[in-house]
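Colleague: Here it is, the structure, as structure tokens.
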2 protein chains.
Amino acid sequence: MVKKIVIVGGGITGISVLRNLFTRKGEVEEEMELTLIKRENSGWVSTCGLPFALRGWYEIKKTEINDPQFFLDQGVDFKTETEVARLNLEDNKVTLKTGDVISYDYLVIATGRKPSVPDAVAETELEGVYTFNNEVDAVKIEAAMNAEGAKNGFVRGRGIIGLQAAVAFSTKGLKTTVLGGPPSLLPSGLDPDMGDMVKEWLEQQGIRLLLERKEIVAVKGDGGRVKSVVIGTGGNEEEIPADVVVIARGMNPNVALAQDAGVEIGEARGIVTDSAMHVKKGRGYLNNVYSLGDCTEVVDGITYRPRLSQLASTAVVQAKVVADNIFSDISGQPGAYSACEPCLSPVAADIGGLLVGSLGVTSEAASRAGIKIISGKATKSTKARYFPGSKSITAKLIFDAYTEKLIGAQVVSEATVAERINELELAIRAGMTAKEICNIERSYDPSLALLKDVTIDAAEGALGRGEAVY
Amino acid sequence: MVKKIVIVGGGITGISVLRNLFTRKGEVEEEMELTLIKRENSGWVSTCGLPFALRGWYEIKKTEINDPQFFLDQGVDFKTETEVARLNLEDNKVTLKTGDVISYDYLVIATGRKPSVPDAVAETELEGVYTFNNEVDAVKIEAAMNAEGAKNGFVRGRGIIGLQAAVAFSTKGLKTTVLGGPPSLLPSGLDPDMGDMVKEWLEQQGIRLLLERKEIVAVKGDGGRVKSVVIGTGGNEEEIPADVVVIARGMNPNVALAQDAGVEIGEARGIVTDSAMHVKKGRGYLNNVYSLGDCTEVVDGITYRPRLSQLASTAVVQAKVVADNIFSDISGQPGAYSACEPCLSPVAADIGGLLVGSLGVTSEAASRAGIKIISGKATKSTKARYFPGSKSITAKLIFDAYTEKLIGAQVVSEATVAERINELELAIRAGMTAKEICNIERSYDPSLALLKDVTIDAAEGALGRGEAVY
């Protein structure tokens with residue numbers, strides 16, 4: 001019997017589900033019919049690669065890893081430039097804006113996110129003011145940034161996307177200003193003391209950082225193009241020249257379709273699911289309707305409260321779980337079933353050459369959740385002190401004050417941040433205590449590591465031990 | 001009351017105990033008197049840094065991080081060029097070769113290892129034939145390697161030290177031959193398929209690798225200096241020109257002093273201890289005598305059988321445990337007590353620019369221990385495929401066939417090997433299964449990592465899943 005699977009949304013999330021289903025097709029006898037519906041005219045685009053394209057590392061089109069034809073050639077009904085009007089979960093049907101109706105056995109909601117935009121920006125019709133959510137945005141930003149006479153760049157937002165856009169502007173020679181709230185950069189992952197290292201790094205590159213409780217209150221232009229933004233309110237306004245403006249002050253889950261269909265929306269404003277990623281409707285979860293990715297809430301791995309994760313890395317894990325469970329259901333093998341673990345959201349990012357990583361809770365997030373912490377911070381080199389080519393690395397570790405288990409980590413360096421975050425993720429999942437981190441075996445070679453790692457110093461610091469020994 | 005602690009051995013192991021004790025001195029009321037006895041005329045030397053000095057990265061003397069005076073200045077009775085004649089564990093006394101007797105409250109045995117040498121080499125008096133165990137050896141090797149007319153280098157041994165010496169020879173322009181046993185390089189950490197990647201790398205650098213069951217049967221010289229070695233036996237001999245020869249075919253635990261004192265030596269020929277590192281004597285463990293480092297057996301973290309580890313990284317963990325336990329004892333705080341976990345021996349090394357890492361069991365070690373395995377191997381890039389500057393990385397993961405838990409890992413790449421080994425160590429300690437490795441969250445940034453990591457492909461391979469998806 002043919003099983004029809006319809007995926008709504010063609011970002012990395014929807015594409016990941018598609019690819020997982022596709023490569024496992026051979027494992028079930030039933031025939032599977034795969035449909036993916038997306039608004040954009042593109043295949044599989046690595047959105048995370050776009051800021052580097054703006055910096056000039058490669059062309060934007062390089063981030064399209066597979067075009068739509070690639071999926072069509074594999075027998076997927078890959079519908080681009082197509083919008084969904086309505087989901088009918090009672091009758092297992094999707095209605096397109098064209099009026100066409102597609103029926104499904106399994107529905108996957110991967111509708112992603114949409115940028116939050118200040119009112120003054122929402123009202124403007126000037127060219128040069130863009131959000132930064134996909135490749136279409138990137139093309140527009142690149143054109144504005146490279147336009148003749150463009151001298152000033154402005155970014156509203158202090159998260160990874162905003163800062164990476166600012167670095168791109170600065171690299172291209174634009175005088176660049178960033179407006180974010182107080183007190184520090186990247187607050188969802190970094191404590192202020194760690195965020196200040198990023199601030200200092202960007203300031204050294206000539207980027208102006210305004211970390212103030214201000215908003216864009218007006219956008220001014222000339223000949224249909226933006227020329228400046230006005231920030232602040234009342235008598236406390238400042239006009240800042242801007243030939244290109246990127247709005248990256250946050251992303252809201254895109255839940256309108258799901259909400260209209262009666263799916264439950266949670267306290268973090270995302271779609272509510274169980275750990276198998278089935279959506280909630282009324283008093284139960286729907287066995288044949290999944291939601292995942294940026295539009296969906298996760299359970300925090302430390303506080304066990306719902307929140308958003310909005311990372312590609314979170315989405316790919318969820319995509320495997322969704323594919324496993326659709327397969328489990330079709331094949332009748334309950335053993336193939338998967339569930340998502342509570343989420344630690346490991347993050348690593350290159351901010352203009354400085355690598356920044358985090359996972360678990362920040363000091364502030366712990367405080368909000370009523371968790372008493374102890375923390376330690378250390379700065380060391382990445383290689384033996386006599387070894388050439390060493391970089392400085394700073395790690396901050398946050399432990400539960402009572403159990404002394406690791407619950408959060410932040411790392412800033414020019415090297416090996418992503419790998420450390422992945423390691424520390426396992427340390428959290430393993431329930432490791434500060435003392436266990438001090439006493440764990442670690443590989444050692446003077447060209448690759450220190451005999452006594454920076455994380456050990458940080459753990460010792462949290463335990464109130466003395467200064468670095470080695 | 002003054003507590004006297006005597007450490008026998010001044011390699012990284014003894015120095016680590018000393019430094020741990022020293023930095024924690026303030027934590028106890030009792031006065032501590034620290035004595036360290038070492039044969040060499042040096043302070044704290046990073047032995048692992050010596051091969052890179054031979055390659056020309058820095059001068060050999062740079063690897064002496066602190067000289068003896070540094071320790072003397074801190075009030076340590078730091079005895080260099082001093083040999084111990086006898087340990088008297090009944091009377092808590094150490095007798096030096098000079099006849100002097102030192103009494104102790106706590107004794108720490110850190111007598112290290114001594115190179116295993118073929119008979120033909122032991123009998124030779126020719127200059128230019130050296131083992132490679134410390135800075136004194138390094139100075140001699142460097143002189144022979146740089147001597148006028150030196151054209152040929154020969155290494156007996158296929159472990160990390162031997163291969164790093166070979167790379168140094170080759171870098172300095174010597175025609176270099178390595179003799180090791182069959183079938184492959186670095187067999188204690190790498191399966192033959194992974195070892196062959198190292199072989200290919202070294203062959204591309206012009207190093208000749210003889211992986212045959214042969215031995216050095218004669219050393220020939222001229223004017224007191226080595227000129228060639230003869231390998232093989234009977235009619236199957238080959239004479240290979242050699243102006244400098246390094247013997248690195250293995251290290252034996254240096255246990256003579258302990259053995260003479262009645263301490264138990266185990267099946268792996270090392271000193272037997274409990275998990276607190278107390279030595280065994282008769283039917284019990286001595287509460288005030290510790291042994292650790294290369295002379296001491298560890299318990300394997302997978303097979304739970306005794307073996308040797310002989311890594312600086314193992315020794316530093318043991319040193320913390322020994323220091324904790326001496327402190328616990330002196331202070332009367334049982335809560336300060338520590339124990340060593342069974343050992344996974346994470347290793348990372350730079351072999352001429354190729355980074356090699358391993359931990360846990362190899363396929364062969366698992367087979368010897370009667371463990372049935374499944375394994376998976378994958379090769380991917382270290383960054384997104386469209387990203388410049390990416391390197392190839394190969395990972396092999398070994399799982400217990402029944403529990404599907406990770407029990408061994410091997411990684412070869414030009415980048416990020418040490419960090420991955422550290423991560424995989426935590427995965428083993430956390431008891432992670434192949435499926436859990438497939439579904440773990442990982443940080444992602446196209447400049448730093450792949451969305452689907454090579455270890456996930458390897459784990460999928462072990463589970464019999466299809467080809468790489470991303």
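Colleague: For segment A:221-227, what does the Karplus curve 6.51 cos²θ - 1.76 cosθ + 1.60, with θ = phi - 60°, yield as ³J(HN,Hα) per residue in whole Hz, taken in order and with x for Gly and Pro?
Modeller: Once θ is set to phi - 60°, the couplings for segment A:221-227 become x, 7, x, x, 10, 5, 10 Hz.
Colleague: Using a Förster distance of 35 Å, how high is the FRET efficiency between A:S331 and B:S367, based on the Cβ-Cβ distance and rounded to 0.05?
Modeller: On the way: r = 34 Å, r/R0 = 0.97.
For A:S331 and B:S367, the calculated efficiency is 0.55.
Colleague: Give the percent of DSSP beta bridges with both residues in the protein assembly as shown that are antiparallel, rounded to the nearest 5. Provide the component values of the computation, followed by the final result.
Modeller: Working: 116 of 186 bridges.
So the antiparallel bridges in the protein assembly as shown amount to around 60 percent.
Colleague: Determine by what factor the alpha-carbon radius of gyration of segment A:64-219 differs from 2.2 N^0.38 Å, reporting the quotient.
Modeller: Expressed relative to 2.2 N^0.38 Å, the Cα Rg reads 1.36.
Colleague: Now, a different point. With unit charges on the beta carbon (Lys/Arg positive, Asp/Glu negative), name the residue among B:S381, A:I12, B:L126 whose Cα is farthest towards the positive pole of the charge dipole of the protein assembly as shown.
Modeller: So the residue furthest toward the plus end is B:L126.
Colleague: Still on this structure: Show that you can apply the helix-only estimate: for the protein assembly as shown, add -39,500 (n - 2.57) for every DSSP H stretch of four or more residues, divide by all residues, and state [θ] at 222 nm to the nearest 500.
Modeller: Working: 26 runs with 246 residues, N = 940.
Mean residue ellipticity, 222 nm, calculated: -7500 deg cm²/dmol.
Colleague: Give the percent of DSSP beta bridges with both residues in chain B that are antiparallel, rounded to the nearest 5.
Modeller: Working: 58 of 93 bridges.
The antiparallel proportion sits near 60 percent.
Colleague: Note the full-extension length gain between B:A143 and B:K220 as 0.36 nm times their separation in residues minus their Cα-Cα distance, in nm to one decimal.
Modeller: Net length gain for the segment: 25.8 nm.
Colleague: At a 10 Å Cβ-Cβ cut-off, how would you order A:D294, A:D105, fewest neighbours first?
Modeller: On the way: A:D294 26, A:D105 18.
Ascending Cβ contact count within 10 Å gives the list A:D105, A:D294.
Colleague: Using modelled amide H (1.01 Å from N, peptide plane; none on Pro or chain starts), what sits under 5 Å from the amide H of B:C343, excluding residues fewer than 5 places away?
Modeller: B:V299, B:D300, B:G301
Colleague: Quick test of the membrane-span-like rule: which DSSP H helices of chain A reach at least 27 Å along their long axis (C-alpha atoms) with mean Kyte hydropathy at least -1.0? Mind showing how you got there, number by number?
Modeller: Details: long enough: A:312-331 (28 Å, 0.74).
Correct list, ordered by number: A:312-331.
Colleague: Roughly what would the spin-label model give for B:D100 and B:S275, points 7 Å off Cα along C-beta, in nm?
Modeller: Each label point is offset 7 Å from its Cα along the Cβ direction, giving 3.9 nm.
Colleague: Which lysines have a Cα lying under 20 Å from the Cα of B:K220, excluding residues fewer than 8 positions away in the same chain?
Modeller: Cα-Cα hits under 20 Å: B:K140, B:K151, B:K175.
Colleague: Within a 10 angstrom radius of each residue's Cβ in A:446-457, how many Cβ atoms of other chains show up on average? Whole number is fine. Working shown, then result.
Modeller: Values: counts 13, 12, 11, 7, 0, 9, 5, 3, 0, 1, 3, 0.
That works out to 5 on average.
Colleague: Here is a further query. Can you give the translational diffusion coefficient of segment B:1-148 in µm²/s, computed by Stokes-Einstein from the Kirkwood radius over Cα pairs at 4 °C and 1.567 mPa s? Intermediate values should be presented prior to the final figure.
Modeller: On the way: Rh = 17.1 Å.
Stokes-Einstein gives a translational diffusion coefficient of 76 µm²/s.
Colleague: Once you average over the residues of A:412-423, how many Cβ atoms of partner chains fall within 10 Å of each Cβ?
Modeller: Details: counts 0, 0, 0, 3, 5, 5, 12, 14, 4, 7, 16, 9.
Taking all residues of A:412-423 together, the mean is 6.
Colleague: When a footprinting reagent is the concern and you count Cβ atoms within 10 Å, what order do A:D196, B:D73 take, fewest first? Let's see the in-between values first.
Modeller: On the way: A:D196 16, B:D73 11.
Placing the least packed residue first, the sequence is B:D73, A:D196.
Colleague: Pop out the Kirkwood hydrodynamic radius of chain A from its pairwise C-alpha distances, inverse of mean 1/r, in Å to one decimal. Kindly include the intermediate steps, with their values, before the conclusion.
Modeller: Details: mean 1/r = 0.0418 Å⁻¹.
Taking every pair of different Cα atoms in chain A, averaging 1/r and inverting gives 23.9 Å.
Colleague: Starting from the Cα of B:E31, step 7 Å toward the Cβ, then list every residue of segment B:99-115 with an amide N under 18 Å from that point.
Modeller: In segment B:99-115, the label zone of B:E31 (backbone N under 18 Å from the point 7 Å along Cα→Cβ) covers B:103-106.
Colleague: So, one more: What's the FRET efficiency of A:Y58 with B:E203 using the Cβ-Cβ distance as r and R₀ = 35 Å, to the nearest 0.05?
Modeller: Efficiency at R0 = 35 Å is approximately 0.55.
Colleague: Can you list, shortest first in nanometers, how far B:R225 lies from the same residue in the other copies, with each label 7 Å from Cα toward Cβ?
Modeller: 7.3
Colleague: To check you understand DSSP bridge types, tell me what percent of the beta bridges within segment B:127-235 (both residues inside) are antiparallel, rounded to 5. Before the final figure, lay out the partial values.
Modeller: Details: 6 of 16 bridges.
Among the beta bridges of segment B:127-235, antiparallel pairing accounts for roughly 40 percent.
Colleague: With r defined as the distance between the Cβ atoms of A:D91 and A:N134 and R0 fixed at 30 Å, what FRET efficiency is calculated, to the nearest 0.05? Walk me through the intermediate numbers first.
Modeller: Details: r = 31 Å, r/R0 = 1.05.
After rounding to 0.05, the efficiency reads 0.45.
Colleague: How about segment A:387-470: which GluC sites (Glu not before Pro) there are in a DSSP loop, with at most 15 other Cβ atoms within 10 Å of their Cβ?
Modeller: Values: sites: A:E404, A:E414, A:E419, A:E423, A:E425, A:E436, A:E441, A:E460, A:E467; in loops: A:E404, A:E414, A:E441, A:E467.
Counting only loop positions with at most 15 other Cβ atoms within 10 Å, the GluC sites (Glu not before Pro) in segment A:387-470 are A:E414, A:E467.
Colleague: List the residues whose amide H sits under 5 Å from the amide H of A:S309, counting only those 5 or more places along or on another chain, with H placed 1.01 Å from N in the peptide plane.
Modeller: The answer is A:V298.
Colleague: Give me the compactness ratio for the protein assembly as shown, meaning the Cα radius of gyration over 2.2 N^0.38 Å.
Modeller: Working: Rg = 31.0 Å, N = 940, 2.2 N^0.38 = 29.7 Å.
Output field value: 1.05.
Colleague: Further question on the same structure: Taking a threshold of 29 Å on the Cα-Cα distance, which of the pairs A:K62/A:K281; A:K62/B:K199; A:K396/B:K61; A:K3/A:K97; A:K380/B:K199; A:K25/A:K93 fall above it?
Modeller: Numbers: A:K62/A:K281 40 Å; A:K62/B:K199 35 Å; A:K396/B:K61 34 Å; A:K3/A:K97 24 Å; A:K380/B:K199 34 Å; A:K25/A:K93 23 Å.
From the list (A:K62/A:K281; A:K62/B:K199; A:K396/B:K61; A:K3/A:K97; A:K380/B:K199; A:K25/A:K93), the Cα-Cα distance tops 29 Å for A:K62/A:K281; A:K62/B:K199; A:K396/B:K61; A:K380/B:K199.
Colleague: Also: Place a point 7 Å from Cα of B:N236 in the direction of its Cβ. Which residues in segment B:174-213 have their backbone N less than 12 Å from it?
Modeller: In segment B:174-213, the label zone of B:N236 (backbone N under 12 Å from the point 7 Å along Cα→Cβ) covers B:182, B:212-213.
Colleague: At a 10 Å Cβ-Cβ cut-off, how would you order B:F52, A:F169, fewest neighbours first? Numbers along the way, then the final one.
Modeller: Working: B:F52 25, A:F169 28.
In increasing order of surrounding Cβ atoms, one gets B:F52, A:F169.
Colleague: Continuing with this model, one more query. Based on alpha-carbon atoms only, what is the radius of gyration of segment A:361-465 relative to the globular estimate 2.2 N^0.38 Å? Please list the in-between numbers first.
Modeller: Details: Rg = 13.6 Å, N = 105, 2.2 N^0.38 = 12.9 Å.
Taking N as the residue count of segment A:361-465, the ratio is 1.05.
Colleague: Nm distances between the label at A:N146 and the same-position labels in the remaining copies, 7 Å along Cα→Cβ, shortest first?
Modeller: 5.2
Colleague: Going 7 Å from Cα along the Cα-Cβ axis for the label, what nanometre distances separate A:G99 from the same residue across the other copies?
Modeller: Output for A:G99: 11.4 nm, nearest copy listed first.
Colleague: Further, regarding this structure: Report the net charge of residues surrounding B:V356, where surrounding means a beta-carbon distance below 11 angstrom and charges are Lys +1, Arg +1, Asp -1, Glu -1. It would help to have the intermediate numbers written out before the result.
Modeller: Details: positive: none; negative: A:D445, B:D350, B:E414.
It works out to a net charge of -3.
Values quoted throughout were computed directly from the atomic coordinates according to the rules given, and no laboratory measurement underlies them. Computed from a predicted model, the values in this text were never measured in an experiment. We place every Cβ from the backbone using ideal geometry, glycine too, and count neighbours over all the protein chains shown.
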